[in-house]
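Contents: one structure, followed by commentary.
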Amino acid sequence: MTRPPTAAQRRVIDAADPVTGRLRGTESQLAALVKRELAFRHPRPPHDHFLTPAGHRIREGTATPAASAPEAAEPAQEPARESSGVFAARIGGEEGIDSGPSRIREVHSAWQGLLELRRMTNPHGVVDRPCAWERTHLVQAAALALEAAGHRPAGTDGEGYRVRATPQPEAVAVRGPDAGALRECAATLEQAGWQVGEHTEPRTGARYLLASPRRI
């Protein structure tokens, strides 16, 4: 891509669903985004338009491929903060964790939206394995699967799960307060279509999970 999107195109991109990337706009606006490979038209009815990974990078303000790499190589990175008005799964370590009814509804809606995105973008409409969006948003995708299943994200007290990027491609690290919590997180991620293995930190001896989206 050599030119940035126009102001009208940028408004359409910014208004996309934060989880599924579904777009709303005029036929000409959507066609222009498809031409620039920032969106694609789903082949099945109702033929909705969705952001491509490049479109998601534009929406998130990271327009270069390098900027879309995993957030950091070190697992101790600070968690991403939630933007005002935009849903973000809890990756653990946030302040003021909200677990009330409104948050539960938001998480449920986001998870259902993600399952719909799997249905519409995975080959043969399968929903038992991650889709392309999840592979470009590994930390958020894994955290959403955990939060939607009722696992508690870590707050400032350290109790709960933490999901972090790793140096390995298509892999996230998941840490928990104890072995039992880790096993429960592993079972949830496997049910959500992730491959999970348990590992030990060489320096500390602490156990953690390494999870990757399953392809088959």
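Quick notes on this structure:
- Of all residues in the range 40-62, those satisfying the criterion of being within 13 Å of residue 132 (Cα to Cα) and among the hydrophobic types (A, V, I, L, M, F, W, C) are 40, 50, 51, 54.
- The sole residue among 170, 159 that is part of a loop (DSSP other than H, G, I, E, B), under 15 Å from the mean Cα position of the chain (by Cα) and surrounded by 14 or more Cβ atoms within 10 Å (Cβ to Cβ) is 170.
- Pairs with Cβ under 9 Å, 6+ apart, first in the range 19-38 and under 24 Å from residue 119 (Cα atoms), second open to solvent by 60 Å² or more (accessible area, probe 1.4 Å) and of a type in the set (A, V, I, L, M): 23/15; 24/15; 25/15; 37/1; 38/1
- Residue within the range 168-180 that is farther than 17 Å from residue 149 by Cα and of a type in the set (S, T, N, Q) present: yes
- At least 3 residues being modelled with pLDDT under 80, among the aromatic types (Phe, Trp, Tyr) and loosely packed, with under 15 Cβ neighbours inside 10 Å is the threshold, and among the helices (runs of 4 or more DSSP H) wholly inside the range 1-110 not one reaches it.
- You will find that of 180, 176, 125, the residue that is crowded, with 21+ Cβ neighbours inside 10 Å and over 23 Å from residue 60 (Cβ atoms) is 176 and no other.
- When the range 192-216 is limited to residues that are in a loop (DSSP other than H, G, I, E, B) and closer than 22 Å to residue 149 by Cβ, the one that is most open to solvent (accessible area, probe 1.4 Å) turns out to be 215.
The values are calculated or read from the model by the stated rules, or taken from the named source; none is laboratory data. Just so we're clear, the structure is a prediction, and the values are computed from it rather than from any experiment. Glycine also receives a Cβ, built like all others from the backbone with ideal geometry; neighbour counts cover every protein chain displayed. Surface areas here come from the heavy atoms of the whole protein model, side chains and all, with no ligands, DNA or RNA. Shrake-Rupley method; radii C 1.70, N 1.55, O 1.52, S 1.80 Å.
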